[in-house]
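Working notes, beginning with the structure itself.
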């Protein structure tokens with residue numbers, strides 16, 4: 001019985017106290033509730049400036065969406081870089097213009113020449129009050145925040161759109177596939193078969209797979225002839241260079257540029273042998289050792305393609321490349337060969 005009375009009394013006391021506001025110590029009240037005056041004067045509303053900010057954010061959204069649409073309409077090899085650059089640039093300019101208007105016309109500023117505030121609670125609370133009072137001109141906070149979020153989302157979406165051109169992230173198997181396989185004939189830029197007899201020493205040739213798309217990353221080849229007695233190819237490649245004719249991928253293993261220079265020694269003590277050179281960052285590859293890197297930023301050798309000569313004297317592929325074709329950052333998950 002005593003327990004029952006005690007519970008009833010406790011509930012009645014709680015109900016009576018619920019309607020009475022709790023007293024807060026004066027020293028714990030925020031300064032902006034205790035100060036009768038303001039640190040920053042009240043700013044007059046700038047509705048035109050707010051509309052201008054919303055307009056800039058809306059234009060940024062339009063430019064960001066236009067970037068995505070343009071990127072989706074055109075194929076990667078046909079992308080209008082000028083249009084994409086203009087759309088992305090305008091998107092950034094409109095966002096910057098919106099923040100400039102906010103800083104110049106919507107945020108109340110007050111310059112006070114005083115010492116830097118200490119870490120005392122009173123002065124820190126005063127800083128909080130200054131920040132709170134500086135936005136007194138803004139009357140459409142939700143509209144501005146929503147427009148800004150839309151502009152930021154459009155910019156982020158436009159930035160992420162370009163990621164799809166990098167290629168598969170986990171399923172990197174397609175990067176191993178090339179148009180080269182045993183029996184594929186080598187042809188020149190005009191589609192004519194390349195014979196072994198016409199390949200001369202100290203001459204640089206470009207070849208492609210017969211009947212395949214020459215624009216594929218694994219299509220272009222470098223074909224050269226060297227003295228067979230000077231070749232020191234890696235193990236397992238003894239028959240890859242018939243009559244001293246070698247073929248390598250034309251794509252540099254550093255950044256994907258085209259290896260387009262054939263260095264011919266002009267000063268033997270410094271340049272004892274010929275070499276293949278990428279003109280972008282001057283990665284240099286030694287064809288005598290199977291495309292090993294001898295200079296520059298490339299991190300792995302040029303992939304070599306095994307060759308054979310058919311009964312008619314034409315060059316044909318004897319298999320696929322020795323390694324995955326492409327720049328080094330495509331091969332971070334590939335097994336060493």
- Exposure proxy ranking, count of Cβ atoms within 10 Å, fewest first, for 240, 180: 240, 180
- Message: Quick check for you: which residues of segment 46-66 have the amide N under 18 Å from the point 7 Å beyond the Cα of residue 105 toward its beta carbon?
- Response: 46-60
- Message: Assuming 0.36 nm per residue, please report the length gained on full extension of the stretch residue 82 to residue 273 beyond their Cα-Cα distance.
- Response: 64.5 nm
- Report the normalised scattering of segment 175-330 as log10 I(q)/I(0) at q = 0.09, 0.17 Å⁻¹, calculated by the Debye formula with identical scatterers on the alpha carbons. -0.25, -0.94
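Taken together, the values in this text are just the output of simple stated rules run on the coordinates, not laboratory data. Just so you know, these numbers come straight off a predicted model, no measurement behind them. Note: ideal-geometry Cβ built from the backbone for every residue, glycine included; neighbour counts use all protein chains shown.
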